[in-house]
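Every read-out reported here was derived from the displayed coordinates using simple, explicitly stated rules and does not represent laboratory data. What you see is a predicted model, and the numbers here were worked out from it, not measured in a lab. Ideal geometry is used to build each Cβ from the backbone, glycine not excepted, and the neighbour counts take in all protein chains shown.
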Amino acid sequence: MQNKLFLLSGPFGVGKTTIAQALLKQLPNLERLVTYTTRPPRPNEMSGVDYHFISREDFEEKIKNNEMFEYDEHYGNLYGNSRRDLEEIWHDEKIALMVLDVNGVKTAKKYFPEAKTIFLLPDTLPNLEGRIRNRPMTEDAFRKRWAMVHPELAEADQYDFQVVNKENQLDEAMQAVRTIITGI
């Protein structure tokens, strides 16, 4: 099997993780590349499933040892992905899925230009704002994330595929992403 990699992106709160989790349950040959982060876990998040939660020192050691093929800092926390973890997915003859922000996609494409990119769009900005506001965060954290929405949406045309995640129609968006992944 040819090594396949899909990069799923879009603005904060658009449904990337939710869609990825649904697809992983439906497609046994799909495996998510779990991102490493220095941020603490949120309630109900599990290390090794949602993220690999590690200390800043351990993360910086991975960078120093060239273990991370892409990494970035957001809101004071480091996020990145391991080449070894990706190669293990491919060794197991599975399709790799990465859930990334716009900058992460740009970096990953430098290393893996053959990767297919999928951008999730909100149906409306008010709906996206509501999704973001429903998450537990301070007003300052909301403003920082909201300030990124328009610059991130401006990147959508650079992606191989675009999928709109309409309010209360998550299954439709998930099916569209599934069709892209299974059709290539």
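Straight-distance candidates among the aspartates and glutamates for linking to residue 4, with alpha-carbon spacing under 18 Å and chain neighbours fewer than 8 residues away dropped: 31, 70, 85, 87, 88, 92, 93, 114, 160. Distance from the alpha carbon centroid of segment 65-100 to that of segment 19-53 works out to 12 angstrom.
Look at 132, 63 and count the other Cβ atoms within 10 Å of each Cβ; fewest to most, that gives 63, 132. Using the average count of surrounding beta-carbon atoms within 10 Å as a protection proxy, the listed peptides 2-15, 71-84 rank, highest first, as 2-15, 71-84. Just round it to a whole percent: the fraction of Cα-Cα distances in segment 5-183 exceeding 21 Å. Distances greater than 21 Å cover 49 percent of the Cα pairs. Relative contact order, whole percent, for the chain stands at 32, derived from Cα pairs under 8 Å and 6 or more residues apart.
Computed on segment 19-64, the Cα convex hull volume stands at 82 Å³ per residue.
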